[in-house]
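Written below as structure tokens is the structure these notes are about.
The values are calculated or read from the model by the stated rules, or taken from the named source; none is laboratory data. Bear in mind that the values here come from a model prediction, so they are computed numbers and not experimental data. Here the Cβ positions follow ideal geometry from the backbone for every residue, glycine too, while neighbour counts run over all protein chains shown. SASA here: full protein model, heavy atoms, side chains in, ligands and nucleic acids out. Shrake-Rupley method; radii C 1.70, N 1.55, O 1.52, S 1.80 Å.
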Amino acid sequence: MEHDRSPLFRTAIVLAGGLALTGCQAPEFAVDFGPAYALAEDADPTQAVNGIVGVPNIDDDDRNDDPDWEDAGADDENDLSPFWIQPELWRGVKQAERLRLRITDGDRDVRVWHGGAIVLGDNDGDRAPLEFELERSKEPIEFQVEFRDYLVRADLELVKLDRNGVDSEVFAFVAQAAPLVMNHHNQHAEQVMAVHVDYGDYDNTEFIEGYQAVLSDEQFIAVDGDRYQGDVWIQDEIEFGLVSAPGRRIDFVIDSIRNRGLDNVAEDLFEAPEFLVRTWGSGQATSQDSFGNLEATPPFTLNGQHYPFGKAYWGDGGGPYKITDDIADLFDSQVAQAPFELDTSWLCVGHVDEFMSWVPVPGSRLGWKLVYTDIDGAWDALEAMDPNTSIPRYRQAHGFDTVGEIVDDNGLRNLNQDLWDDYLEPNLDILKEETGLTDDDIIWLPGLFETASGCGGTTAALIPGMANLVVANFEGEAVELFMADPFLREDIGDQGADGMIPAARGVFPDDMNVNFIDDFWVYHFGLGEVHCGSNVVRTPVTDWWKTIGTLVEE
């Protein structure tokens, strides 16, 4: 039925931890949400979540091994979204009229608290009333909204009933829980970490020192490899994500099912009431279940829809070599990061971070650029070098004595051209389709691949994979990139003698610091690179609720 939408119910209401529900001009004292966030002028109301935004009450503040939602009464203020009905509201309500708050849909996933009790929604399986009648008061009446899980929502109404108990005015809004999302490289870094090992020839001390020379002790952590059986692949074990709302943040470690030496690192270093560790999936892991194969693009807008968290993506290794269905289902269900797949069947390890990354570039069209492996650029840089340059690292690891031997290897040229035609270019086409990027949004970083021994004809990086990099963009500081030293020189200690380093450094903006660190024997020789052996905790995306509404609507 049509209702008379009087100024009382058309007012611009600022919702708990959320945004303004826009309407006609009217007094703003009807509903007060305290230190809430008002919808900014630059937000698009057609894209915004029109209602209360909060985080799910899934942490365990009382440490009893049950999510706090299951502990009816565990109403810690960090996980609930409050609002107040102001006494001035009653000025527009006659003595014979009443006001009610209703949940019209979603009562199993969202509940409303008042006076320390659940008054709307599910109460541990016992359904609470779906309507709550407000009593006249000279003081603000406080309510709190609680969410069961990620992305759940409920429809609510504030209703005025006439003297006959018939709805005369209705204001509808939603209560929306944040989705669980993973971080992307444009989010500010808060802490970088890598695992330190020193077992004779298996020693990454110079790798660790490459970070320590640039980052402070607060910015970089060297994890003790002795605690974790010498497992250095910390990117593969854990991925960081979060749920966030205005003034609220729950960090996540998504713990891989690879379950090798670093299996307990998430619990040891991060697990806390507001820092949760979760695993999706079980059983025998494939290489695709390692999280160098699980990434997210930076944010962008495509076809009128904004993706404030970017899009999630992973590699399909072909046949049974796929990321576990539970992870794929998780990101499909969260919808906010609209996941897609790339083809990594041509790679021995099969991870998406082996040939691409993303870096923040303020002032560019998108605010970021894709870093993509450039086969032609690698040949150009090699051909510009003295062919007689001795390359002792490659002699030991790849069987090449000089730069000229690489340049003159026609089989290697044909292999890399085939990889470009059959895999790299088609994957780039997918990236362009999924994100709307153009050639001007790409940084072409030299790189070559070779057939990897014992890998069934698949490939791995020949030149240490520089696209497999770490973005350390601490707020208020210059962006620091960490990538593999190419070691295309005779004097291992003299980076100034390496012809590939200026070619690689030159593709990045001048105000971005590029650090080439030694990952050769422990990582490169182990078919991984800098990103594979590092990880980064990042600051959450803010204000996502302004632009994600049409994605999360049912």
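Under 12 Å of direct C-alpha separation, and excluding same-chain neighbours fewer than eight residues apart, residue 94 reaches these aspartates and glutamates: 162. Given the choices [x] 160; [y] 172; [z] 196, volume of the Cα convex hull per residue in Å³ derived from the coordinates of this structure is entry [x]. For the stretch 341-404, the average shadow cast by the Cα convex hull is 6.8 nm², which is a quarter of the hull's surface.
The relative contact order of the chain, computed from alpha carbon pairs under 8 Å that lie at least 6 residues apart in sequence, is 15 percent. Listed by chain and number, the lysines whose C-alpha is less than 25 Å from the C-alpha of residue 322, apart from same-chain residues fewer than 8 away, are 311, 432.
Nothing charged except the Cβ atoms of Lys and Arg (+1) and of Asp and Glu (-1): what's the magnitude of the dipole of the stretch 83-215 about its Cα centre? Round to the nearest 20 debye.
That gives the stretch 83-215 a dipole magnitude of about 1160 debye.
Once Rg and the Kirkwood radius are both taken over the C-alpha atoms of the stretch 241-374, their ratio Rg/Rh works out to 0.98. Across 111, 249, 136, the residue with the most accessible area heads the list, and the full order at a 1.4 Å probe is 136, 249, 111.
Axis angle, to the nearest 10 degrees, between helix 325-334 and the longest C-alpha principal axis of the chain: 50 degrees. Averaging 1/r over every pair of different alpha carbons in the stretch 115-204 and inverting the result gives a Kirkwood radius of 18.6 Å. Relative to the longest principal axis of the Cα atoms of the chain, helix 425-435 runs at roughly 20 degrees.
Taking the accessible area of the chain, probe 1.4 Å, and keeping the other protein chains in place, the carbon and sulfur fraction comes to 44%.
With unit charges on the beta carbon (Lys/Arg positive, Asp/Glu negative), name the residue among 455, 264, 492 whose Cα is farthest towards the positive pole of the charge dipole of the chain. Going by the Cα projections, it comes out as 264. Got a sec? Which residues in the stretch 101-124 would a label at residue 172 touch, if it sits 7 Å along Cα→Cβ and we count backbone N under 16 Å? Answer for the stretch 101-124: 101-107.
In the context of the full set of protein chains, residues of the stretch 264-325 present 39 Å² of accessible surface per residue (probe radius 1.4 Å, heavy atoms only).
Bridging of residue 138 to aspartates and glutamates at a Cα separation below 20 Å is possible for 28, 32, 88, 97, once same-chain residues fewer than 8 apart are set aside. In plain terms, the C-alpha convex hull of the stretch 464-554 casts an average shadow of 8.9 nm² when viewed from every direction.
One chain, two ends: residue 95 and residue 408. Fully extended at 0.36 nm per residue, the span grows by 103.4 nm beyond their Cα-Cα distance.
Maximal additional length on extending the residue 490-residue 202 stretch stands at 101.5 nm, based on 0.36 nm per residue less the C-alpha distance. The simple Förster model, with R0 at 41 Å and r as the Cβ-Cβ distance, assigns residue 326 and residue 213 a FRET efficiency of 0.55.
Taking the Cα centre of the stretch 382-473 as origin, work out the dipole magnitude from +1 charges on Lys and Arg Cβ and -1 charges on Asp and Glu Cβ, in debye rounded to 20.
Working: 4 positive and 17 negative charges, 111 e Å.
Rounded to the nearest 20 debye, it is 540 debye.
Per the Kirkwood formula applied to alpha carbons, the stretch 304-442 shows a radius of gyration over Rh ratio, Rg over Rh, of 1.05. Helix 410-419 and the longest principal axis of the Cα set of the chain meet at an angle near 10°. With contacts taken as Cα pairs under 8 Å and at least 6 residues apart, the stretch 306-382 reaches a relative contact order of 26 percent. Please compute P(r) over all alpha-carbon pairs of the stretch 388-545, binned at 5 Å starting from zero, and give each bin as a whole-number percent. The calculated distribution, bin by bin, is 2, 8, 14, 18, 20, 17, 11, 6, 3, 1, 1, 0.
In terms of accessible area, using a 1.4 Å probe and ignoring ligands and nucleic acids, 521, 233, 69 rank largest first as 521, 233, 69. Stokes-Einstein diffusion for the stretch 230-281 at 4 °C, viscosity 1.567 mPa s, with a Kirkwood radius from C-alpha pairs, works out to 113 µm²/s. Solvent-accessible surface of the stretch 362-453, taken per residue with a 1.4 Å probe and all protein chains present: 45 Å². Bridges between two residues of the chain, per DSSP, are antiparallel at a rate of about 70%. For the stretch 170-214, the equivalent ellipsoid derived from the Cα gyration tensor has semi-axes of 46, 12, 6 Å, listed largest first. Extending 7 Å from the Cα toward the beta-carbon at both residue 105 and residue 278 defines two label points whose distance is 2.4 nm. Per residue, the Cα convex hull of the stretch 119-270 amounts to 182 Å³. Remark: the chain carries a charge dipole of roughly 2000 debye about the Cα centre, counting +1 on each Lys and Arg Cβ and -1 on each Asp and Glu Cβ. The length gained by stretching the chain between residue 137 and residue 267 to full extension, at 0.36 nm per residue less their Cα-Cα distance, is 42.0 nm.
Nearest 0.05, what FRET efficiency do residue 188 and residue 127 give at R0 = 45 Å with Cβ-Cβ as r? Working from the Cβ atoms, E equals 0.55.
Here the stretch 478-517 is described by how far its Cα atoms reach on the three principal axes: 31, 16, 12 Å, from widest to narrowest.
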